[in-house]
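What follows is one structure encoded as structure tokens, with my remarks underneath.
All of the numbers you see were taken from the coordinates with simple rules; none came from a lab. Given the structure is predicted, the values throughout are model-derived calculations rather than measurements. Counting neighbours? That spans all protein chains shown, and the Cβs are built from the backbone with ideal geometry, glycine included.
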Amino acid sequence: MIKKNIYSVGAIDWDRKLFDELIYLPDGTSYNSYLIIGSKKTALIDTVDITKTEELILNLEKLNIKNIDYIISNHAEQDHSGSIPIILNKFPKAKLICNPLCKKILLDEMVIEEKRIQVIKDLEEISLGDKTLKFIYTPWVHWPETMSTFLKEDKILFSCDFFGAHLATSELFVKDTKEIELPAKRYYAEIMMPFRNYILKNLEKIKEYNPKIIAPSHGKIYQDVDWIIDKYYNWSKKETKPKIIIGYTSMHGSTKKMVEYLTSKLINQGNKVKEYNLTTTEIGQLAIEMVDASTLIIASPTFLGGLHPIVSTTVSTLNKLKPKTKIIGFIGSKEWGGEAFKEFENITNNFEAEVILGEISTGIPKKENFKKLNEFSKIITEKTKELFKKEIKNKKIDEKELSIVLSGEAGQGLVSVQNVLLKILKEEGFYFSSNSEYMSRVRGGVNTISIRLTEKERRGNLKKIDILLALDKNTIEHLKERIDENTIIIGNKEEVRKLGLKNKTIDVSFKEIAEKIGNKVFANTVATGTLLGILNINKKYFIKQLKESFSKKGKEIVLKNIQAAEKGILKGKEILKIVKNLPKIKKNKQIKLNNLFTGAQAIAYGAIAGGCDFISAYPMSPSTGVLQNLAKLRENFDIIVEQAEDEISAINMCLGASFAGARSLTNTSGGGFALMCEGVSLAGMIETPLVIHVAQRPGPATGLPTRTAQEDLNLVMHAGHGEFARIVYAPKNLKSAVEITNKAFIDSQKYQIPVFILTDQYFMENLYPFEKIEIKEDKEKYIIESKKDYQRYAFTESGISPRAIPGFGKGLVCVDSDEHDQTGHITEDFSLRIKMVKKRLKRIEDITFESLKPTIIGKGNEIIIIGWGSTFETIKEAVEKIDNKKIKYLHYEQLYPIYPGTKDLLKSAKKIIVIEGNATGQFAELIKKETNKEVIKILKYNGLQFFVEEVMQEITERLD
Amino acid sequence: MNKIDFSNQTEIAWCPGCGNFGIHLVLKKVLEETKLKPENIVLVSGIGQAAKTPQYINTNFFNGLHGRSLPPATAIKAVNPDLKVIVTSGDGDMYGEGGNHFLHAIRRNPDITIIVHNNMIYGLTKGQASPTSKKGMKTIVQTTGVILEPLNPISLAISLDASFVARANIGDLKETKEILQKAIYHKGLSIVDILQPCVTFNKINTFEWFKENTYYLEKDYNPENKENAILKALETEKMPLGIIYISKKKKTFEEMQNVYQKNKNPLFKRKRNLEKLKKIIKI
């Protein structure tokens, strides 16, 4: 009994193993028939397979049914209509209700008196007294006549094969959707899949009636109606899931070897892959995979000049099921000849997929076959990934922008190009942002400069390249990952072809043009000119810049450079004629008034604002820029700059300098900072202010010296033995870097602690025009004039003692790395030790109270994205472009002590996603600890900064 | 004028009979005679028995990390040249852990004095070999005897053209005081290696041993002759005592700093103004 007066009276077929003499039934099946007893009339919905008629009759007898008024045939197929003639015979008053098409099929199939059939129209109703049946045409699930019957009062949909599952079971209702999912999916794959588009229409149609129960003619009854409707919707919609299915047959092992190699490559490239040996795989299993897999690869040996018969049978069957698979690949092997691929193309005509031919080996696959297979795997991966990218791209806001990349060898003067070019762009009033990446070598290798011109303030790290200016032909390959079909390459045409790229290429050799002028060193001036020509920028300012930059080198050099510039501009104008449709980027006069400097300069200027007058450091990439910039400004700002013999010396010098009244900064990266750790601990013990800038790079050890990472958060947070207070900042952008570095100096003075500024290589090189910096002058000196009885570590309520320096006042200033008393003298008094520990830690409360609130973007409450440090502009752009109301983005600039309201900010989050440049999720773990919530990590640690596109992709994949 | 007393109340933790007492006494005496006020003197040390000296003298001090006395001392003097900066260190602290800083401090030539209490053994860690321990000396770690050549700080310093290099023997208080006085008045980096016994852990290099194995340089010895000085420094059988080398014409680290070219004020007395920065960036 389903409900009062509604009964299931069908039959269970435990033994049936095959359907249509083809489809394998691992779990048997059932033929569900339902009896509805109304106050006036009784109706039977569908019957059973003729072999099971007795069971149906027995069930009716058990219920003591003497009369049936209506027999409803939703579907004319034998397994539901087979018993109709017998039942009609047994209940002579019964009318057979069906639609006109069903009537025709039934009359063709079996002997029924035509007058006993009553034809109904779509949405027609029949009353059973207190119950009403409504007939809803649901054609093509899976025959043209298929129909559903809806019991209006009880909101039960008798859907016949629609939503069915081959499953012999004694249980009436679905209790656990996990158990029914596979049989339901198998049923869908084998029977419903070819009619995906009809299913979508029928789903819409039945949803209108809001059924509470769905009772199909095979398998169990659904009370969780949404679950099965949702499944049908997802299986039928055109979008697939990123999954690569490989089916193969191998005769002598060659094909198998190739499949094994391909599978491992595809897995390494981050794909979800499943491999099936077709000889031993039941075809239904493959059909199930085809319900939502994005990609299918078939591997076949050549058999009598064509496909192996097992392969051709399997593929032909799948072809009939019309899966929504988007990409199909084919590989194989042959002994002496034949054209297996042609046959393959013919039997995949029903797929709406792109069919790609991969490698066919002759005999056992050899080195070159594997090389080509590797290439093939990359294509498959790229195309598969592209599928899921496109879905996001469609949402993209239409913004005009132009992404330009210059690439050349180290030592070709790319940096001077950048400096001149960016000054010109700013002068012209373009919004732009720029970044450079370089190899760890002084000459040769590839250096690149990326510049993007935008109409809005967009500073994210963009992957896309619109125009690539390759100063050196060997540099194109380095950027292959970033080149897409729309990238216009200006450089060596032959090289582009060699790399297998089909991009629009304009053959220009900057070197040759430069050599004609006199020397290849002018190549970068030619390139700059070319770019100005393409952007249609007036040369006046450029010529002026060249005169200024080269006047020291003599008239001849200035002249040659101007000549090079003009040749370049002409070339650029020529190119502009060839390349049409370049977006015209709007300018803004205000930009002229903006700041324009790098991350390294930002830290240096912030330090000066904060009163820095002493820096001691040891050069180490990527931090060195800060040291160099302060050295440049030493005369102007009374700064002592000392390059120490090692990082240990550097930090200890800084502590001596602070002790004597300077505001000191040390500057380092990776291993350099590791050497400083004991000094950090000393700063904590002697309560002496110090600012430490750490520009991160990938480790461990030497790692990738010129690349970027966010790997040293844990190190910096825990550096130094013992327990003491500290602050860790990681500025989000250039403006903030100046402000925060200034603040770091003030905080270090105020709390007498080490304060860290954590940046990275990407940040050091980042460069774009930006608005006015907000800094208030801090007149506080944080130093007192000492009296005779001065005690450096006098106990106070806050734990912070007034700080004096030697030689200013009558008192003595004694600091000691040993545990000490209030005067700074060594002690081993245990109770004094406790007081001193508490004194050093007490200030953490005040520091935490003042901890910076993260920058908040977006108003969503469900999905909280979290970032820190240099990724801000990139994640911000990605989040803005995704434009999803559920999302809120929190960006932390103070990493320790973390903002105390963090728990509250994340209270409503259903998903917390932390994005950071390391492999373990260092900040994510911190958030986890802070909130006690599960955290999803999006991590990148290949040495490069996140790309906007990448972040969009990663976030979008995690939205559902 | 009242005599300034550089003694303080801190309990001294050295072994009775330790050579450090002599150095402590001599240093206080020398400081008294300089007429410098305690608040204008900074003693800087690392870690070790010798490095405890600042604890027992009434001046400012910076007692930092093991081996790291020279970097802060150099910086303190650079940031405030008005201060008298003296480093007290042992042979382990200065020549072992801090060896690299010793080399580079000589190159920098700050106007500070380095006093090395050289007892040829590690005292604080209880009796292991130091860089100046003689070959063959058995210790609890060098159980079959030291196999390394001892470091010769005097010849090392002279080879780097240190500004002032001297050796003293704390067995002779009067002579040591004279040498130390000259070192402290010397402009530029002055290094005084003071031979001193460790009564607990070094049973070989005793007061008697130092007496027997040293001699004072003749009255007419000219320390400004570098070749002679090197030869003297290389004498290790019987070690010469006195001022072995002086290099006069050297500029100090502070003098060479750009910040003092026009303005002699220490850094803390200077005003920082944002206006200058506003000329470079937009604030």
Using a 10 Å cut-off around each Cβ, can you sort B:S7, A:S658, A:S377 from fewest to most neighbouring Cβ atoms? B:S7, A:S377, A:S658
Disulfide-incompatible cysteines by the Cβ rule (no partner under 4.7 Å) in chain A: A:C160, A:C612, A:C654, A:C677, A:C814
On a 0 to 90° scale, report how tilted helix A:922-931 is relative to the longest principal axis of chain A, with both axes built from alpha carbons and the result rounded to the nearest 10. 70
Counted neighbours (other Cβ, 10 Å), sorted fewest up, put B:M256, A:M685, B:M94 in the order B:M256, A:M685, B:M94
What FRET efficiency comes out for A:Q628 versus A:N474 if R0 is 25 angstrom and r is the Cβ-Cβ distance? Round to the nearest 0.05. 0.30
Mean separation of Cα contacts under 8 Å (at least 6 apart) over the residue count of chain A, i.e. the relative contact order in percent, is 6
Enumerate the amide H contacts of B:M120 below 5 Å, restricted to partners 5 or more residues apart or on another chain; note that Pro and chain-start residues carry no placed amide H. B:D91
Could you tell me the distance between the Cα centroids of segment B:1-67 and segment A:183-252, to the nearest Å? 88
Evaluated at 20 °C with a viscosity of 1.002 mPa s, what Stokes-Einstein diffusion coefficient in µm²/s does segment B:23-123 have when Rh comes from the Kirkwood expression over alpha-carbon pairs? 161
Please list, or write none, the aspartates and glutamates whose alpha carbon is within less than 18 Å of the alpha carbon of A:K750, excluding same-chain residues fewer than 8 places away. A:D613, A:E687, A:E739, A:E777, A:D778, A:E780, A:E785, A:E797, A:E845, A:D846, A:E850
Around A:G860: net Lys/Arg minus Asp/Glu count, Cβ-Cβ under 12 Å: +4
Theoretical gain in end-to-end length, B:L148 to B:E275 [0.36 nm per residue, Cα-Cα removed]: 39.8 nm
Could you check what % of the DSSP bridge pairs in the protein assembly as shown are antiparallel, to the nearest 5? 35
Tell me the angle of helix B:19-34 to the major Cα principal axis of chain B, expressed in degrees between 0 and 90 and rounded to the nearest ten. 40
Most exposed first, judged by fewest Cβ atoms within 10 angstrom, A:E645, B:E39 run A:E645, B:E39
Percent RCO, i.e. relative contact order, over segment A:784-849, from Cα pairs under 8 Å lying at least 6 residues apart: 32
Quick one: helix A:225-236 against the long Cα principal axis of chain A, what's the angle to the nearest 10°, folded into 0 to 90? 80
Count the net charge of all other residues whose Cβ sits under 14 Å from the Cβ of A:I364, scoring Lys and Arg as +1 and Asp and Glu as -1. +1
Chain B: relative contact order from alpha carbon pairs under 8 Å, six or more residues apart, as a whole percent, is 17
If eta is 0.692 mPa s and T is 37 °C, what Stokes-Einstein diffusion coefficient results for segment A:401-589, Kirkwood Rh from Cα pairs, in µm²/s? 198
I want to make sure I understand the PRE zone here: with the label point 7 angstrom from the Cα of A:L357 toward its beta carbon, which residues in segment A:309-344 have backbone N atoms less than 17 Å away? A:328-344
Which FRET efficiency, nearest 0.05, do A:L58 and A:K201 yield, Cβ-Cβ r, R0 41 Å? 0.60
Can you tell me what percent of all Cα-Cα pairs in segment A:241-393 are more than 23 Å apart? 29
Using helices alone, what [θ] at 222 nm do you get for chain A, with -39,500 (n - 2.57) per DSSP H run of 4 or more residues, divided over all residues and rounded to the nearest 500? -11000 deg cm²/dmol
With all pairs of different alpha carbon atoms counted, what Kirkwood hydrodynamic radius in Å does segment A:515-589 show? 12.9
Residue-count net charge about A:E114 - beta-carbon cut-off 11 Å; Lys, Arg +1, Asp, Glu -1: +3
Cα-only Rg/Rh for chain A with Kirkwood Rh rounds to 1.11
Once you compute Rg and the Kirkwood Rh from C-alpha atoms, what is the Rg to Rh ratio for segment A:611-753? 0.93
Using 24 Å as the Cα-Cα cut-off, could you pick out the over-long pairs in A:K265/A:K389; B:K135/B:K177; A:K772/A:K937; A:K584/A:K881; A:K560/B:K282? B:K135/B:K177; A:K772/A:K937; A:K560/B:K282
